[in-house]
Amino acid sequence: VAVIQVSILLYIAHVLVPFLWSKKIDPDNSAIPGIMAMGDLIGTALLTIAFLVLVTIGDPNAVSKQINEL
């Protein structure tokens with residue numbers, strides 16, 4: 001999940017920074033906060049998906065004991 005997140009963020013930075021330069025906007029002030037926010041969002045989404053996959057395949061470490069008793 002971490003490798004996927006970093007790959008997505010690097011691609012976004014690769015596209016965003018030259019675009020900002022072409023518009024004469026400083027990428028240090030504009031791109032970094034946006035990429036950091038996207039990193040939080042993408043990371044949370046990917047971890048949620050990974051957890052749901054583990055629950056779906058029945059990983060005992062991902063399922064609470066209380067849920068198993070029901």
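Below, the figures for the structure above:
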| item | result |
| --- | --- |
| Accessible area (Å², 1.4 Å probe, nearest 10) - ASP59 | 40 |
| Per-residue SASA entry for SER22, accessible area with 1.4 Å probe, Å² rounded to 10 | 80 |
| Accessible area (Å², per residue) of the chain, counting only protein heavy atoms and a probe of 1.4 Å | 80 |
| C-alpha long axis of helix 2-22 to longest principal axis of the chain, angle in ° | 20 |
| Cα long-axis angle, helix 27-56 against the chain (0 to 90 degrees, to the nearest 10) | 20 |
| Computed Kirkwood radius, in angstrom, where 1/r is averaged over Cα pairs of the chain | 14.4 |
| Sulfur and carbon atoms: percent of accessible area, the chain [1.4 Å] | 70 |
| Neighbour cut-off at most 16 other Cβ (10 Å), DSSP loop, trypsin sites (Lys or Arg not before Pro), the chain | LYS23, LYS24 |
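The values are calculated or read from the model by the stated rules, or taken from the named source; none is laboratory data. As the structure is a prediction and not an experimental result, all values here were calculated from the model. Cβ sites come from the backbone with ideal geometry, for glycine too, and all protein chains shown count toward neighbours. In case anyone asks, the SASA skips ligands and DNA or RNA and just uses the protein heavy atoms, side chains included. Shrake-Rupley method; radii C 1.70, N 1.55, O 1.52, S 1.80 Å.
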